[in-house]
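Asks: Have a look at the structure that comes next, please.
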Amino acid sequence: MNTVEIISALENLNKISGKLDIHENERKTLINGVSDFANRFISGLKDKKVFNKKNVGSLKINNDEQSFSDLLETYQREVTETGINAASGKHLGYVPGGGIFASALADFIAAVTNPYASVYYASPGAATIENEVVNWLKAVFSFPETAVGSLSSGGSLSTLTAFTAARDKHAVKNETIKKSVVYLSEQVHHSTQKALRIIGLEDVIIRYVPLDDHHRMKTGLLESMVEQDKQAGLKPFLVVGTAGTTDTGAIDPLDAIATIAEKHKMWFHVDGAYGGFFILTSKKELFKGIERADSIIVDPHKSMFLPYGTGAVLIKDKDAVLHSNYYTANYMQDAAMEEMLQSPANVSPELTKHFRGLRVWLPLQLHGIEPFIACLEEKLLLVKYFRNKLDELGFCNGPEPDLSISYFWYPFAKDADEKNRQLMEAIHDDGSVFLSSSVINGKFVIRIAILSFRTKKETVDEKVEMIKRCLKKIE
Ligand SMILES: *Cc1c(COP(=O)(O)O)cnc(C)c1O
């Protein structure tokens with residue numbers, strides 16, 4: 001091709017490729033479309049079912065152009081109207097979702113400007129926002145300034161980073177793996193065992209520490225297990241406490257676990273994925289000892305009400321983190337250390353990444369912290385309110401929960417498990433409010449998890465009415 005031919009070919013290609021850089025007027029139309037869609041979606045949440053059993057229609061990619069309004073309609077029908085509506089305040093199952101609007105705006109801005117947030121020199125501003133969020137978290141959990149941390153897509157990925165640091169700090173590899181012991185509570189989240197498998201520690205010995213009546217780890221038993229294992233020549237190296245269990249909302253005795261971990265030189269990890277941010281509330285006392293952990297994970301997409309895909313990990317031993325994530329760390333001069341730690345890529349498995357910091361930073365700056373705290377206090381009270389209402393209806397409640405997850409069952413005279421299961425099904429079929437179930441101490445129970453920023457007293461009232469309605473069908 002000669003130059004003239006190249007120029008002509010480029011002009012032809014640009015007629016097509018230029019479509020990706022949408023023109024200003026059309027941008028306005030599209031943004032208006034999205035804005036209308038978002039407003040309709042949010043305003044409609046109150047009246048919509050939270051759970052739809054409907055099957056999903058075709059979402060096939062045909063490689064052809066389609067109109068934006070058709071696509072929004074498809075999304076509305078196939079995504080927002082199938083399954084669990086996690087943006088709804090009536091989602092009271094599993095661990096409810098969030099999705100505050102300020103974070104959605106932050107994501108939009110982050111995607112439009114697309115800064116390279118993982119390397120300081122590429123985007124000092126974006127990297128500083130990422131780091132500021134980590135620094136803010138350190139302050140929330142009373143971690144020292146020297147700790148490192150990173151934002152991740154969620155608790156599972158955060159756990160990988162934390163456990164990898166624990167593994168490397170304790171040199172758990174090759175022949176020592178099979179002699180190394182990890183202590184977990186019986187209510188530990190399954191992402192914990194999964195993380196061990198992923199990072200090559202499938203063959204460590206796992207000890208499950210039994211729980212007390214409030215589903216908290218029995219630390220006396222933990223200590224005797226560790227001592228026995230040491231006497232048997234094994235290597236205890238990691239203990240995991242949970243600040244807010246997924247099933248029962250319990251907080252392990254963190255301070256006591258920290259003491260045992262220190263005494264036996266084990267890595268102490270705290271899983272605060274669900275419950276972490278309740279440290280900002282009147283429940284602060286229950287979190288005593290969390291500041292003594294070697295690592296913590298928290299999920300802003302749970303107890304900070306942010307959209308899915310926002311997790312965080314804090315780790316005290318920066319050398320352990322650099323060992324796994326920054327290969328040449330040992331050869332760097334101290335002077336370079338400061339700058340190196342300013343680049344999120346050096347303390348996380350990710351290189352190019354979603355600029356997540358903005359979806360945490362912007363809402364905190366826009367609203368201040370008070371509404372977040374008030375929202376968490378509100379969830380704690382709503383669970384109490386719900387338990388009182390169920391009491392009045394003759395249900396049995398599980399033990400008073402530490403946070404905003406509780407469980408209950410109806411004391412049917414016969415076949416209680418089977419009948420409570422039928423009650424759960426009736427609740428799912430009704431679909432106006434979503435709950436989930438669990439098996440606790442061998443008993444089938446129905447769980448309530450209150451965590452959405454949109455769950456209010458009216459939501460709980462609606463749910464109590466619905467449970468009454470469903471109970472009539474079973475009795
Ligand atoms: C949700 C949860 C996790 C897993 O976090 P993801 O963000 O879903 O990966 C881990 N631990 C606890 C206690 C959880 O509630």
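The values are calculated or read from the model by the stated rules, or taken from the named source; none is laboratory data. Given the structure is predicted, the values throughout are model-derived calculations rather than measurements. For neighbour counting, all protein chains shown are included, and Cβ atoms are generated from backbone atoms with ideal geometry for every residue, glycine included.
Asks: Say we look at the stretch 248-265 and pick out the residues that are crowded, with 24+ Cβ neighbours inside 10 Å and not β-branched (Val, Ile, Thr); which of these is farthest from the ligand (Cβ to nearest atom)?
Replies: Ala261
Asks: Would you call Phe453 surrounded by 20 or more Cβ atoms within 10 Å (Cβ to Cβ) and in contact with a Cys (Cβ under 9 Å, 6 or more places away or on another chain)?
Replies: Against the criterion (surrounded by 20 or more Cβ atoms within 10 Å (Cβ to Cβ) and in contact with a Cys (Cβ under 9 Å, 6 or more places away or on another chain)), Phe453 qualifies.
Asks: If we keep just the residues of the stretch 218-246 that are among the acidic types (Asp, Glu) and surrounded by fewer than 19 Cβ atoms within 10 Å (Cβ to Cβ), which is nearest to the ligand (Cβ to nearest atom)? If you could, list the steps in order and put the result at the bottom.
Replies: Narrowing the stretch 218-246 to residues among the acidic types (Asp, Glu): 223, 227, 229.
Now restrict to residues that are surrounded by fewer than 19 Cβ atoms within 10 Å (Cβ to Cβ): 223, 227.
Details: Glu223: 23, Glu227: 27 Å.
Checking each candidate, the answer is Glu223.
Asks: Looking at Asp213, Asp247, which one is modelled with pLDDT under 95 and touching a strand residue (DSSP E or B) at 6+ places or on another chain (Cβ under 7 Å)?
Replies: Asp247
Asks: Report whether or not Gly155 is among the small types (Gly, Ala, Ser), within 16 Å of the ligand (Cβ to nearest atom) and touching a Gly at 6+ places or on another chain (Cβ under 7 Å).
Replies: yes
Asks: Out of curiosity, is Phe412 crowded, with 16+ Cβ neighbours inside 10 Å and touching a Cys at 6+ places or on another chain (Cβ under 9 Å)?
Replies: Numbers: crowded, with 16+ Cβ neighbours inside 10 Å: yes; touching a Cys at 6+ places or on another chain (Cβ under 9 Å): no.
In short, no.
Asks: I've got another one for you. If we keep just the residues of the stretch 433-454 that are touching a Leu at 6+ places or on another chain (Cβ under 8 Å) and in a strand (DSSP E or B), which is nearest to Trp409 (Cα to Cα)?
Replies: Ranking the qualifying residues of the stretch 433-454, first place goes to Ile446.
Asks: Go through (1) without any contact (Cβ under 8 Å) to a residue 40 or more places away in the chain; (2) assigned to a helix (DSSP H, G or I); (3) more than 28 Å from Ala87 (Cβ to Cβ) for Lys414 and report which single condition fails.
Replies: It is condition (2) that Lys414 fails.
Asks: Here's something else I'd like to know. Search the stretch 162-193 for residues being within 18 Å of His215 (Cβ to Cβ), of a type outside the set (A, V, I, L, M, F, W, C) and not in a helix (DSSP H, G or I), and hand back the single one that is nearest to the ligand (Cβ to nearest atom).
Replies: Filtering first and then ranking leaves His189.
Asks: Condition first: under 12 Å from Phe434 (Cα atoms) and either touching a His at 6+ places or on another chain (Cβ under 8 Å) or of a type in the set (Ser, Thr, Tyr) (or both). Now tell me which residues in the stretch 41-52 satisfy that.
Replies: Val50, Phe51
Asks: Give me a count of the residues in the stretch 267-286 that are within 14 Å of the ligand (Cβ to nearest atom) and among the aromatic types (Phe, Trp, Tyr).
Replies: Total satisfying the criteria: 3.
Asks: Being small (Gly, Ala, Ser) and surrounded by fewer than 18 Cβ atoms within 10 Å (Cβ to Cβ) is the filter here; which residues of the stretch 184-217 pass it?
Replies: Of everything in the stretch 184-217, just one residue is small (Gly, Ala, Ser) and surrounded by fewer than 18 Cβ atoms within 10 Å (Cβ to Cβ), namely Gly200.
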